[in-house]
Every structure is written in structure tokens, then in C-alpha cells.
1. Would region 145-262 count as rounded, prolate or oblate if I go by the C-alpha gyration tensor, calling it rounded below 1.5 in a/c and otherwise prolate when a/b exceeds b/c, oblate otherwise?
2. For the chain, with the dipole built from +1 on Lys and Arg beta-carbon atoms and -1 on Asp and Glu ones, taken about the Cα centre, which of 17, 209, 160 lies farthest toward the positive end?
3. Hey, what did the chain get for relative contact order, percent, Cα under 8 Å, at least 6 apart?
4. Nearest 0.05, what FRET efficiency do residue 134 and residue 297 give at R0 = 56 Å with Cβ-Cβ as r?
5. If you rank 139, 224 by fewest surrounding Cβ atoms within 10 Å, what's the result?
6. Once fully extended, how much extra length lies between residue 103 and residue 43, figured as 0.36 nm per residue of separation less the alpha-carbon to alpha-carbon distance?
7. Arrange the following residues from fewest to most other Cβ atoms within 10 Å of their Cβ: 142, 110, 40.
8. Starting from the Cα gyration tensor of region 162-223, take the square roots of the eigenvalues, sort them a ≥ b ≥ c, and report rounded, prolate or oblate (rounded when a/c is under 1.5, otherwise prolate if a/b is larger than b/c, else oblate).
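Just so you know, all these numbers are worked out from the coordinates, no wet-lab data involved. Every value quoted in this text rests on a predicted model; they were computed, and no experiment measured them. So basically every Cβ, Gly included, is an ideal-geometry build from the backbone, and we count neighbours across all protein chains shown.
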Amino acid sequence: MAVIYNFSAGPGVLPEPVLREVQAEFLSYKQGVSIVEMSHRSDTFATIVEQLEARLRRLMQIPDDYAVLFLQGGATLQFSMVPMNLRESGRFVYLDSGIWSKKAIADAKHYGDVVVAGSSAAVKYRDLPAWPKTISDVDYLHVTLNNTIEGTRYTELPDTGVPIVADVSSNILAEAIDVKRYGLLYAGAQKNIGPAGLTLVIIRRDLIVDRDLPSYLAYSKHVDTLLNTPSTFNLYVAERVLAWVEGEGGVEAMERRNVEKSGLFYDALDASPLFHAVVSGKQRSLTNIPFTTGDAETDRAFQRFAEARGLIELGGHRSVGGLRASLYNAMPLEGVKRLIDVMHEFEQEGQ
Ligand code: PMP
């Protein structure tokens, strides 16, 4: 079978050794039943969750005064759970850096007054809004650290007097994130962690307050316990993916590889007579790289050309069009080299 390279923005490529392991274990996991038939309260399953949390804590150096929650509902449910749970004054500050942050802002407005401290909407999110100089009297500052659709990322954090809440859906475990500088981090799992259907929340314990909320929606009900039946299969796969990340050298090694992969690809785009990157400068994402020929028809022709050569999911997000290559942890360097070769082929003969 020809090699397929999957550049999907999510659900994205997972490590092949993990997929093979999952396949081999699927019918019978330890107790002779499938992992998807096993009680989430069984000892076997409890061990999986414990190991998953321990691996995540090691990989991200999560301090003890932070809780790790395994939830459902995607990053999208966190757009609401964050303001519901962190609400004290009912004033929140957001940076509007892309389509996902815009959605987070829209949902937060149901629970308080949202101050948008900076927005790059006017330049179609090709740039990042600057951090606000001073903020006070708000419950938190929300930022999307890596903008999956637009391909920008923040690399520096300001010192603020308020907790920083970050959506790290598309860069968690792909680059170092200094957890102790944040009040809360959240991420949908379906890019660097496992299948869709699992959401991670890492929250400083002093921010967890018992509130009059429906039980599933209160962080306090999920701390150090499984409140209800979690997405068991996803937790199991996530634990295996994190074992793979640890085996490969951890987040440091992932970041090093992602810098190399994205650097190679940006260099190829910058040197190309036909393609160019949408984002310039140090705001370029390591994991999501939008690019274009400048012509929608030629972009589509390239997508078909690449697909015929086993390079799939290179279309830009449906809201922005163009092309996009997502280079998550499980994308090997060979995939990026192959993409660059196919771009050269297209430049020479494809049009
Ligand atoms: N935030 C970011 C940065 C994302 O990339 C995504 C999904 N691609 C979301 C939020 C929404 O996540 P979900 O579909 O898990 O709700």
C-alpha cells in the first residue's frame, strides 16, 4: 500500500505504532474483554486513568497545586465552562486572535461582560493582537495560544495580575508550555493527544470554587474523581499516545522536531515561485501552516494533485479557504519532505 500522509487539522494524524497497539489489544484488554466493554470503575481502567494523568504531569511538568480534569464536550464546551466557573466580578478580558477565540468570546458573553482587549479581525487574523498593557478588576484573561485556522501562535506571555486562561487545543504537547504561568489550560484531544471526544482541563486548584451549577458543568465536581462515565476508549488511546511521546523524548523532543519540520516547510514556501505562506515572521505556528498560490482554482488543483500522490487533507478551513498543512507530533519529517517534493513537481508540471 502506498504511504499516505495526513495533514488534517483535527482529528489529526496519530502515531502509527499506537494505532497498531490499539488494534492488537482491541478484542481483549487484560481481563479478556475489549477496552470498550470495561467498567470505568474497574481497577484495570482506574490504572489507565492514573497512568494517563501521571504521564501528562511528567510531560508538561504540571505542579501539584494544579488539577487535571478529563472531560467531554470538546474545547467548545470550555468556551462556556470557563466563564461559568471562574466568574467572580463577571468581567472577563479576551484577545480576539482568530475564529476560535471569536467563538469563545461569543459564548463567554452569556455569563458576563467581555472586554476584547485586542483584535486582529480587521487584518483577517493574519497577525496577533498585542497583549493588553494593564488589566485589573477582571476574573481572567483568555487567549488562544495557537490559532489552528489562521496559523499564528503566541510565544511570549505578559506578566498580568490576573489568571491567564489559554486554549491550547492545537499546540498542547507540541511545544513547551509553562503551566505555572497560567490559571487554566484547556484542549480538545483530537490533534496531539488522541481521538476526538476527550477534553483536557488543567486548572490551578485555588481557582476551583464550588458553584451553584449543574453538576457536569462545575469543575469542582470533576476534581480527583470521575463524576460520570468518561470517554473510556479515548482515555485509553490518550494514555498510549502519551507513552509514545515519553518514549520519543518528551515535549522537548516534540518541539525540536516540530521546529525542524515547520522550518523546512516555511523555507520551501518562502523560496517557492508559486506558493507562499499566509503568515510571516515569528508569529508563525509550528503546527498549522496556511499557504496559498493566491488563486483559489490553482489551490484546489494542487490539493487534487497532492491527494493523487497520497498527501491528504491539505484544504484550508472551510471559513478561509486556501491550503493548510497541519504538522502535529505524529507527522514524520518524511511527510513534510514529500509534501515539498510534490509542490516542486506541481510547480514544474502540474498547472
Ligand atoms: N479551539 C481551537 C484552537 C481549535 O483548534 C478547535 C478545533 N479545531 C476548537 C477550539 C474547537 O474544538 P472542539 O471541536 O473540540 O470543540
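1. Taking the square roots of the gyration eigenvalues as a ≥ b ≥ c, region 145-262 is oblate.
2. My answer, from the dipole projection, is 209.
3. Taking the mean separation of contacting Cα pairs over the length of the chain, I get 23 percent.
4. Step by step, r from the Cβ atoms, then E = 0.70.
5. Fewest to most other Cβ atoms nearby, the residues stand as 224, 139.
6. Length difference between fully extended and current span is 17.7 nm.
7. Going from least to most buried by this count: 110, 40, 142.
8. oblate
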